Amino acid sequence: MKTTLRRYLPILTWGAEYSQRTLVNDLTVAAIVTMMLIPQSLAYALVAGLPPQIGLYASMAPLVLYAIFGTSRSLAVGPVAVASLMTATAVGTIASQGTPEYLGAAIALAMLSGLMLVVMGALRLGFLANFLSHPVISGFITASGIQIAAGQLGPVLGISAKGETFIENVHSLVKNIGNTNLYTAVIGFTTLGFLFWVRRGLKPLLLRFGIGERAADIMAKVGPVVAIALTTAAVWAFGLNNRGVSIVGLVPKGLPKLTLPPLDLSLWAKLAVPALLISIVGYVESISVALTLAAKKRQRVDPDQELIALGASNIGAAVSGGFPITGGFARSVVNFEAGAETPAAGAFTAVGIAIATLFLTPLLFFLPNATLAATIIVAVLSLVDLSALKRTYVYSRADFAAMLGTILLTLVEGVEAGLIVGVAVSIFLHLYSTSRPHVAVVGQIPGTATFRNVERHTAVTYPGILSLRVDESLYFPNARFLEDLISQSVASNPDIRHVILECPAVNTIDSSALESLEAINRRLKDGGITFHLSEVKGPVMDRLKRSHFIGELTGGVHLRQYDAVASIDPDVARRTLEAPLVNGSLVEAAKA
């Protein structure tokens, strides 16, 4: 019972070891991350099409719940760019921004996503995230970053530019570019330049002044706070809000009230697919960051428990009036580099956000929306990695096709279409590639009992024996391919009397492949040819023994490929084993 509780409540494990030194470290980290999270929370709420205070609401309860259920010591959850964009896309088809129905749908989306994640964690379904290949995720995040950045150019210029896709955003920008507000544009582009300089140039400058690398890195990451303070002061001092500069305005003080999503089954049905996509994408992003940071400190992260923790965090976001959240890369890195020792740092960050919501929101009245938009652009452009296209193209054409297709579909048709098509393309390409597995003719390396591909190595083959190595598990897409290959090989060489199928890479043989092996065995038998297997793995052999195939096999099942050849022609196999290469040439006795 105690072990089960510790598994589902990791706080019981690290909490038992909590000390005063750990408390001081976590409080220090919380102060730093709070300064970073406040502008991000405000900005990503705007990306989701919600009032800025909703971002603050989504940054409190989720952090506390993750501290209770999460297994990563460094992961920081909260609003992130991609989940915010997916929220806006999903909810925008149901209600208009600024309406109570829009907010209610966003809350329902967070609740539904949280429930899905908890169920997936309880059923240990973390493997579902594997259907999102790295090229698809990379392409999706790149396209989302481009689309979010394009969508924020309107606020930077002080014009109305909206659209659900990148193409629509660009068209709206071009159409309304003549309405640019000069004061807003100056604030927006000045903030952009400042934030880009902070990201690239502030740290080297601080290092030259003798500030430690860790402190300099952290100070560079809280640059948005400085930008917010300066531009807010400028708008207030010069009355720029009266000259067309759009400001955040009144941000309600106080903590969020407990709420429930609309209990409308038709609404939940419309949000089911977007909720599932947000859940899986958010989980992939979170677990990738968590595992990367945990490996640096040799800490353990439980992927299935992370599903439960992320689900509980989203449920917490919903009941506190927020929208879908997940683990953020940038803030998690800051969390890690600042020295977070336990998830309690996240809980303390939530306290910091709560204090800001209670006492600091009046200071945000004159905050220009252009500053928040610039903050978003700088943050999301770090997600864009177009160079990955070239690297992927050089390494794998199939992965390149999946990545490029995801990027183009996301930009043209929207996030859901891009992600779904990317997954579909990845699965199709995987099925296609495994339907034509690599099969090599293998021969014996002289002087050894090792068999290798005759096209890559100097190896001995034997008259009358066809030795094939299949480098893929055998299942329904490639079963017929193997049948046809062996039939063609035998038909092209009438001297073949034995076929040996080497299976070191075969991890499974499904029912379709079993029927194909039985058909191969029958056809070879009818042609007077013996069929052998070698190097069959234990679990695969266990399943074969439960079928009629082993009893009907005309040849044998051998531990090694050498044993299979030796059972047919022991003298030749032995001579090859004893006759190595001499000065790069095969000793003739081995060929005799």
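If the condition is being closer than 20 Å to Val29 by Cα and among the polar types (S, T, N, Q), then the range 41-91 contributes Ser41, Ser59, Thr71, Ser72, Ser74. Looking only at residues of the range 164-214 that are among the aromatic types (Phe, Trp, Tyr) and open to solvent by 80 Å² or more (accessible area, probe 1.4 Å), we find that the one that is farthest from Ala149 (Cα to Cα) is Phe209. Criterion applied to Leu112, Leu103 was being under 23 Å from the mean Cα position of the chain (by Cα) and not acidic (Asp, Glu), and the one residue passing it is Leu112.
For the range 249-269, the criterion of being within 30 Å of Ser133 (Cα to Cα), open to solvent by less than 70 Å² (accessible area, probe 1.4 Å) and of a type in the set (Phe, Trp, Tyr) is satisfied by at least one residue.
Listed by position, the helices (runs of 4 or more DSSP H) enclosed by the range 1-112 that each have at least 2 residues that are under 23 Å from Val225 (Cα atoms) and open to solvent by 60 Å² or more (accessible area, probe 1.4 Å) are 20-47.
Working only within the range 374-389, note down all residues that are within 15 Å of Val80 (Cα to Cα) and among the aliphatic types (A, V, I, L, M).
Correct list: Ile376, Ile377, Val378, Ala379, Val380, Leu381, Leu383, Val384.
Identification of helices (runs of 4 or more DSSP H) wholly contained in the range 362-419 with 2 or more residues that are more than 30 Å from Val248 (Cβ to Cβ) yields 387-395, 397-413.
Out of curiosity, is Ser84 within 20 Å of Ala309 (Cα to Cα) and in contact with a Phe, Trp or Tyr (Cβ under 6 Å, 6 or more places away or on another chain)? Yes; evaluated as a whole, the condition is true for this residue. Residues that are within 16 Å of the chain's Cα centre (by Cα) and over 13 Å from Leu115 (Cα atoms) were ranked within the range 303-323; the one that is least open to solvent (accessible area, probe 1.4 Å) is Glu306.
This table checks each residue for (1) in contact (Cβ under 8 Å) with a residue 60 or more places away in the chain; (2) within 21 Å of Glu483 (Cβ to Cβ).
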{"site": "Leu514", "(1), (2)": "no, yes"}
{"site": "Ile529", "(1), (2)": "no, yes"}
{"site": "Glu535", "(1), (2)": "no, yes"}
{"site": "Val540", "(1), (2)": "no, yes"}
{"site": "Ile550", "(1), (2)": "no, yes"}
{"site": "His558", "(1), (2)": "no, no"}
{"site": "Val565", "(1), (2)": "yes, no"}
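Within the range 9-31, residues that are over 17 Å from Leu63 (Cβ atoms) sit with their Cβ atoms under 9 Å from residues that are exposed (fewer than 13 other Cβ atoms within 10 Å of the Cβ), at 6+ positions apart or across chains, in these pairs: Leu12/Lys2; Leu12/Leu5.
Looking across Tyr395, Tyr432, one residue alone is more than 30 Å from Asn181 (Cα to Cα) and within 21 Å of the chain's Cα centre (by Cα). It is Tyr395.
Does Glu535 count as modelled with pLDDT of 95 or more and open to solvent by 50 Å² or more (accessible area, probe 1.4 Å)? So Glu535 fits the description; yes.
Please determine whether any residue of the range 148-159 is at pLDDT below 90, crowded, with 23+ Cβ neighbours inside 10 Å and in a helix (DSSP H, G or I). Yes: one or more hits. Residue under question is Ala237, and the condition is that it be of a type outside the set (Phe, Trp, Tyr), buried (at least 17 other Cβ atoms within 10 Å of the Cβ) and more than 30 Å from Thr28 (Cα to Cα); does it hold? Considered against the rule, which asks whether it is of a type outside the set (Phe, Trp, Tyr), buried (at least 17 other Cβ atoms within 10 Å of the Cβ) and more than 30 Å from Thr28 (Cα to Cα), Ala237 comes out as no. Consider the range 381-431 and keep the residues that are within 19 Å of Ala90 (Cβ to Cβ), in contact with a Gly (Cβ under 7 Å, 6 or more places away or on another chain) and modelled with pLDDT of 85 or more. The one that is most open to solvent (accessible area, probe 1.4 Å) is Leu409.
The values are calculated or read from the model by the stated rules, or taken from the named source; none is laboratory data. Since the structure is predicted, the reported quantities are computational estimates derived from the model, not experimental observations. Cβ coordinates were reconstructed from backbone atoms using ideal geometry, including for glycine residues, and neighbour counts include every protein chain displayed. What goes into the accessible areas is simple: the full protein's heavy atoms, side chains included, and nothing from ligands, DNA or RNA. Shrake-Rupley method; radii C 1.70, N 1.55, O 1.52, S 1.80 Å.
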